[in-house]
Amino acid sequence: MAKITLSKLRHSYYPNPETPEDYALKEIDLDWQDGGAYALLGPSGCGKSTLLNIISGLLDPSEGQILFDGQDVTHLPPDQRNIAQVFQFPVIYDTMTVFNNLAFPLRNRGVDEATVKQRVEEIAEMLELGDMLQTRASALSPDNKQKISMGRGLVRKDVNVVMFDEPLTVIDPHLKWKLRSKLKELHQKLRTTMIYVTHDQTEALTFADQVVVMNDGEIVQIGTPVELFERPAHTFVGHFIGSPGMNVLPCEVTQGAAFFNGHMIRLEGDISAGSAGKTEIGIRPEYVSLGDQGLEAKIRKVSDVGRHNVVDAMIGDTPIKAVVNGAVPAQGETVHLSFDPAKTRLYRDGWIATETGIAP
Amino acid sequence: MKKQYQKAWFFVLPVLLLVAFNALIPMMTVVNYSVQETFGNNLFFWEGMGWFEKLMRSDRFHAALGRQFMFTGIILAIEIPLGIIIALSMPRSGFWVPICLVTMALPMLIPWNVVGAMWNIFTLPDIGLLGYLMNTTLGINYDMTQDPFAAWATIITMDVWHWTSLVVLLSYAGLVSIPDAYYQAAKIDGASSWAVFRYIQLPKMKQVLTIAILLRFMDSFNIYTEIFVLTGGGPGNSTTLLSIDLVKIALGQFDLGPAAAMSLIYFAITLLVSWLFYTLMTKDDTQ
């Protein structure tokens, strides 16, 4: 068990990186607290697997340090870091029984047979693999195979961190939910630090206490699922998380107020000082409401997604989405949209640029 | 009843004809010869199981069969482990991959009789590179036309040189199909390199190795051309393997009946061993 610190970490797959674009990871500074359940969320190719492999020791970073409890482990091989990793596709030792699979990491470390037996049975019980211990691992279904991979990570008591690299990719949808809650339950029982890498927001938000959102080799926001949803620090977080994602509307700022299509838009707070840049307004579809007054918009499409309706509308040339409960307008109708000021924010060059607290 | 698509039979027909003319009909002729005696002039006399019974008690057949099993056993014991070791040490990616693969494939591209002739010249004590080196430079008495041990060493070396590549290429194909995650997981699990071989690489190579062993068994059990060209079965009868003996009986002595009986037994042994081996190797998978 350890606190993991990443300090000024950069990585490039090129031997001589020059421009920032050459870096798969651009300067990461981050602390993972001991015993936390973290998710690393981002689109494919954003560098999350690179980061994971650097923490596990499968990759040597180009620059920076990794500290486990203040101790530098940057250049230690994986087996000396005491970490565990679960991969996208279940990795099992085909010729061994389930028991021997789970015992493998312990036996390799010279743990005595009595402890091995006790520990393996304990973990197998938690993962509901207890009655399969003597079966050959290759005969199992993919979800049980993935459970074995997880079990091999959890079986070691002293493990510093267990990392999951999109572990549910090959699992059937109806079993995904089950395995995910199992994982959450295991975390509460074992209190091991867990890092869960995924590009699926549902997986990240349901598993983690803290979600680290990455884009383009950078960390854009760290926060609880609620924080990420309620107050995205970057337009990327806004439209990556949520379904549908946040509306991002181009706007102009004059004399401390934001104007969209000629209308002044009320924001959550004062616009923070900063250099000029591209300014945008961010508002989640959940906080856009239809009413008698507000911005005039033409309805383009209404989709019933089950619990509510998603309305696609056009304000001038700008598309906007709204989540509507109850009666919905017809296609082609002209409506008026209003924004909840407490949830309306200004973004400058992608980054949030309003202070909290409702403007007077 | 669902109407089935019947035209597919026409596509199989050419193959059936081909197999009939190059395998089934000749084999039936062999069966025919094996139960008869002939003195030429197309006169045949019924012999029944006589040739088979005689053959089973023949010392000459036992000796040839023994030599055959020894040869196949030795080359398998060398080629399979050696092939795996070479495959393991070949690069998995990069500039050297195609060079290694082509170099490996080269010996297999050479026709059998040329391989025999090459090794024959290579080992001649007076002008052959190897023969001259051994006898004159190193002072080791090496003459495969005189010494049975030297002859055996030569045919085994020749077969290892010619066919280890097959095992290498098949094992290599099995190795490169292992995803990186397996090696990474093993690293994290703290597995030794022996454990990686035993629990990851060997199980993943099992299928291709089964094929490799089968091919090498059948091929070496039927080996003829290379040894015929290289030693002709000598010195004495020391390298007279089954196929060489068979040809001697059939074409040298023109004893068609005994030769036919022998080739049927020969065929049955090859088939039986291959079937046994394959069944044993694939038994686990069907459980």
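Only the coordinates and a few stated rules stand behind these numbers; no lab work does. Since this is a predicted model, take the numbers as computed values, not measurements. Backbone-built Cβ (ideal geometry, glycine too); neighbour counts: all protein chains shown.
Among A:A84, A:L59, A:M96, whose Cα lies farthest out toward the positive end of the dipole of chain A, if unit charges sit on the beta carbon of Lys, Arg (+1) and Asp, Glu (-1)?
Value: A:M96.
Under the Karplus relation 6.51 cos²θ - 1.76 cosθ + 1.60, θ = phi - 60°, what is the ordered set of whole-Hz ³J(HN,Hα) values for region B:230-236, x standing for Gly and Pro?
Each residue's phi maps through the Karplus curve to give 6, 10, x, x, x, x, x Hz.
Using a 10 Å cut-off on Cβ atoms, rank the peptides A:115-128, A:197-210, A:35-48 from the highest mean neighbour count down. Provide the component values of the computation, followed by the final result.
Working: A:115-128: 16.7, A:197-210: 19.3, A:35-48: 20.9.
Going from most to least packed, we get A:35-48, A:197-210, A:115-128.
Of chain B, which part is the longest with no chymotrypsin sites (Phe, Trp or Tyr not before Pro) in a loop (DSSP not H, G, I, E, B) and with at most 14 other C-beta atoms within 10 angstrom? Numbers along the way, then the final one.
Working: sites that count: B:Y5, B:F39, B:F95, B:F254.
Within chain B, the longest run free of exposed chymotrypsin sites (Phe, Trp or Tyr not before Pro) spans B:96-253.
Averaged across orientations, what area in nm² does the convex hull of the alpha carbons in chain A project? Intermediate values should be presented prior to the final figure.
Numbers: hull surface 87.2 nm².
Reported value for the Cα convex hull: 21.8 nm².
Please report the net charge: other residues with Cβ closer than 9 Å to the Cβ of A:A322, K and R +1, D and E -1. Kindly include the intermediate steps, with their values, before the conclusion.
Values: positive: A:K321; negative: A:E286, A:D312.
With Lys, Arg at +1 and Asp, Glu at -1, the net is -1.
May I ask for the equivalent-ellipsoid semi-axes of region A:68-195, computed as the square root of five times each C-alpha gyration tensor eigenvalue and listed largest first in whole Å? Spell out each step's value before the answer.
Values: eigenvalues 99, 68, 38 Å².
Gyration-tensor ellipsoid for region A:68-195: 22, 18, 14 Å.
Quote to one decimal, in nm, the extra length available between A:T318 and A:N16 on full extension: 0.36 nm per residue of separation minus the C-alpha distance between them.
Working: separation 302, 0.36 × 302 = 108.72 nm, distance 4.27 nm.
Working it through step by step, the gained length comes to 104.4 nm.
At 20 °C and a viscosity of 1.002 mPa s, what translational diffusion coefficient does Stokes-Einstein give for region B:80-142, taking Rh as the Kirkwood radius over Cα pairs? Give it in µm²/s as a whole number.
Values: Rh = 14.3 Å.
For the chosen part, D equals 150 µm²/s.
So if each residue of separation counts as 0.36 nm, and I subtract the Cα-Cα distance between B:S93 and B:F44, what length gain in nm does that give?
11.3 nm
Name the residues whose placed amide hydrogens come within less than 5 Å of the amide hydrogen of A:R284, ignoring near sequence neighbours (fewer than 5 apart) on the same chain.
A:N247
In what sequence do A:V212, B:V273 fall when counting other Cβ within 10 Å, fewest first?
By the 10 Å Cβ count, ascending: B:V273, A:V212.
Note down the relative contact order for chain B as a percent, whole number, built from C-alpha pairs under 8 angstrom at least six residues apart. Walk me through the numbers before you get to the answer.
Working: 268 pairs, mean separation 76.9, N = 287.
Computed value for chain B: 27 percent relative contact order.
Ignoring solvent entirely, what values of log10 I(q)/I(0) come out of the Debye formula for region A:245-352 at 0.12 Å⁻¹ when each Cα is a single scatterer?
-0.40
Which whole number in µm²/s is D for chain B by Stokes-Einstein, with the Kirkwood Rh taken over Cα pairs at 37 °C and 0.692 mPa s? Each step should come with its number before you reach the end.
Numbers: Rh = 22.4 Å.
The diffusion coefficient I find is 146 µm²/s.
Looking at region A:138-170, which trypsin sites (Lys or Arg not before Pro) are in a loop (DSSP not H, G, I, E or B) and have at most 15 other Cβ atoms within 10 Å?
Details: sites: A:K145, A:K147, A:R152, A:R156, A:K157; in loops: A:R156, A:K157.
Qualifying residues, ordered by number: A:K157.
Tell me, how many Å apart are the Cα centres for region A:267-340 and for region B:32-46?
99 Å
Give the calculated FRET efficiency between B:M218 and A:S7 to the nearest 0.05, with a Förster radius of 41 Å applied to their Cβ-Cβ distance.
Numbers: r = 62 Å, r/R0 = 1.51.
E(calc), rounded to 0.05, equals 0.10.
So what's the projected area for the protein assembly as shown, the Cα convex hull averaged over all directions, in nm²? Don't jump to the answer; show the numbers that get you there.
Details: hull surface 191.7 nm².
For the Cα atoms of the protein assembly as shown, the hull's average projected area reads 47.9 nm².
Scale the Cα Rg of region A:1-84 by the rule-of-thumb value 2.2 N^0.38 Å and send over the ratio, two decimals.
Numbers: Rg = 12.6 Å, N = 84, 2.2 N^0.38 = 11.8 Å.
After normalising by residue count via 2.2 N^0.38 Å, the value is 1.07.
Can you pull the Rg over Rh of region B:161-287, Cα-only, Kirkwood?
On the way: Rg = 20.6 Å, Rh = 17.8 Å.
Result for region B:161-287 is an Rg/Rh of 1.16.
Which whole number gives the average count of other chain Cβ atoms within 10 Å of the Cβ atoms across peptide B:176-188? It would help to have the intermediate numbers written out before the result.
Working: counts 0, 0, 0, 4, 2, 10, 6, 2, 9, 14, 7, 7, 19.
Mean shielding count: 6.
Past 18 Å, Cα to Cα, is the threshold; run B:K204/B:K283; A:K3/A:K117; A:K3/A:K157; A:K48/A:K178; A:K117/B:K187; A:K26/B:K187 against it and keep the listed order. Show your work: numbers first, answer last.
Values: B:K204/B:K283 16 Å; A:K3/A:K117 29 Å; A:K3/A:K157 16 Å; A:K48/A:K178 24 Å; A:K117/B:K187 22 Å; A:K26/B:K187 27 Å.
Going by Cα-Cα distance, A:K3/A:K117; A:K48/A:K178; A:K117/B:K187; A:K26/B:K187 fall outside the 18 Å limit.
Using the Cα centre as the reference, give the magnitude of the dipole from point charges on the C-beta atoms of region B:58-286 (Lys, Arg: +1; Asp, Glu: -1; all else neutral), rounded to the nearest 20 debye.
Details: 10 positive and 14 negative charges, 109 e Å.
Magnitude of the dipole: close to 520 debye.
Any chance you could check the Cα centroid distance between region A:200-264 and region B:114-161 for me, in angstrom?
Computed from Cα coordinates, the inter-centre distance equals 78 Å.
Tell me whether region B:221-287 comes out rounded, prolate or oblate; compute the Cα gyration tensor, take square roots of the eigenvalues as a ≥ b ≥ c, and use a/c under 1.5 as the rounded threshold. List each step's numbers first, then the result.
Numbers: a/c = 4.25, a/b = 1.96, b/c = 2.17.
Oblate, because a/c is 1.5 or more while a/b does not exceed b/c.
Using the membrane-span-like helix rule (whole DSSP H runs, Cα extent along the own axis of at least 20 Å, mean Kyte-Doolittle hydropathy at least -0.5), which helices of chain B qualify?
Values: long enough: B:59-89 (45 Å, 1.20); B:148-176 (41 Å, 1.26); B:202-221 (27 Å, 0.86); B:256-282 (39 Å, 1.61).
Span-like helices, by this rule, are B:59-89, B:148-176, B:202-221, B:256-282.
Near B:S34, within a Cβ-to-Cβ distance under 15 Å, what is the net charge of the other residues, with Lys and Arg +1 and Asp and Glu -1? Walk me through the numbers before you get to the answer.
Numbers: positive: B:K54; negative: B:E37, B:E47, B:E53, B:D255.
With Lys, Arg at +1 and Asp, Glu at -1, the net is -3.
So, in nm, how far is label A:Q80 from label A:Q293 when the simple model puts each one 7 Å beyond its Cα toward the Cβ?
7.1 nm
Place a +1 charge on the Cβ of each Lys and Arg in region A:126-183 and a -1 charge on the Cβ of each Asp and Glu, then give the dipole magnitude about the Cα centre in debye, rounded to the nearest 20. Intermediate values should be presented prior to the final figure.
On the way: 10 positive and 7 negative charges, 20 e Å.
Rounded to the nearest 20 debye, it is 100 debye.
I want the local charge near B:L55. Using Cβ-Cβ distances under 15 Å, sum +1 for each Lys or Arg and -1 for each Asp or Glu among the other residues.
So the surrounding residues net to -2.
Taking other Cβ within 10 Å of each residue's Cβ, how do A:T135, B:T72, A:T19 sort, fewest first? Walk me through the numbers on the way to the answer.
Working: A:T135 14, B:T72 22, A:T19 6.
Going from least to most buried by this count: A:T19, A:T135, B:T72.
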